[in-house]
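Reviewing the structure listed below.
Laboratory data are not the source of any read-out in this text; all were calculated from the coordinates shown. Only a predicted model underlies this, so the values are computations on that prediction, with no experimental measurement involved. So basically every Cβ, Gly included, is an ideal-geometry build from the backbone, and we count neighbours across all protein chains shown.
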């Protein structure tokens, strides 16, 4: 018998994709085709290997589109988080959040570049019957627990904070273990054309130029290279016009009398931690409102079983190796708390080489904050933070990039990023892929004709 400390092997049931189903993206009634398997348990390394070959999970169901046959080919996309620099539109979203937190200002107009993922049910529409059948056999305790809470509804639960990552926007609050330092370094300089042009000398103020001239004049007059007691002005630590890092933009200090307080808490969802259980009902209510308002579902459609099946249960076995991140590997919910209530939840998997985004849902009343974009930027920053402890963990996987569906192209705006070649499974910079995708929905990105699977 294996030791209790040993990891259980991955256990899956494979289902070959034989039929065509309704597509959740273009709504073609018989255009989507995928392979699928029901994962009873899976190691984080096995799932890392799977998503590096085009697979993706929805709850315990793991599926892979048949790329050269499906109507909307779905290419796995990853962002190189260590080199990421926010674009102008990204900075606009971050500034909008800071203004809201500091002064309560609400920006007018529509949310720009707001991601609009399909519902989880739409994403795997053809396999819903199979998922519902298999889902009845698993995780009934979690579902029954939430159903009891939904019936009680009025009963308050105590929110525990032990072993919980908290990222606060309040500068006066002591930072929790999930809070990156304000002084986190950018690992690489921005490329020319993004921010300051590093090939040109930085702009200098007239006052600085006068000081420099005075310093040179004094040095020329002194035989020792400078008058006694004279000290040349120190070079600034950062070059003028150097663009701010993502962390500096997110965690900019707020005034003492800030209008709102934002915290981001990372809680383990599978197996459910005490913090997750204590907040599961509130989280479900946010999900229900999101499905009703954003995806036009009826009030009885986003059921408890759908919520737990798609977004709470996971086949990933938790791991906490000594050289891994403090929170360990596995499945988590990243909860966004505004003034003491949940307004958004990012469902993520923390794997050996990446943070994989599973889904995001939010309170529609806060759509004006562009929470889809904001949460993606926070998840990139979180990936960079985890990299400090686990050096191999350096990528942010955004799921699927679908070039044939215009509203799903937003993921290509987080750069530098790569797409996975569907035939040779090598990563290719997205800039090299886009010309081919303009000509054909399905493309082999690897230009080496000799390269195989």
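Of note:
- On the basis of the beta-carbon distance and an R0 of 35 Å, residue 152 and residue 294 show a calculated FRET efficiency of 0.85.
- With each label modelled as a point 7 angstrom along the Cα→C-beta vector, the residue 28-residue 83 pair spans 3.3 nm.
- Full-extension gain in nm, residue 99 to residue 431, via 0.36 nm per residue minus C-alpha separation: 116.2 nm
- Cα convex hull of segment 12-51 - mean projected area over all directions, nm²: 3.5
- Once the convex hull of all Cα atoms in segment 300-453 is built, its volume per residue stands at 169 Å³.
- Euclidean distance between Cα centres, segment 16-70 to segment 351-384, Å: 22
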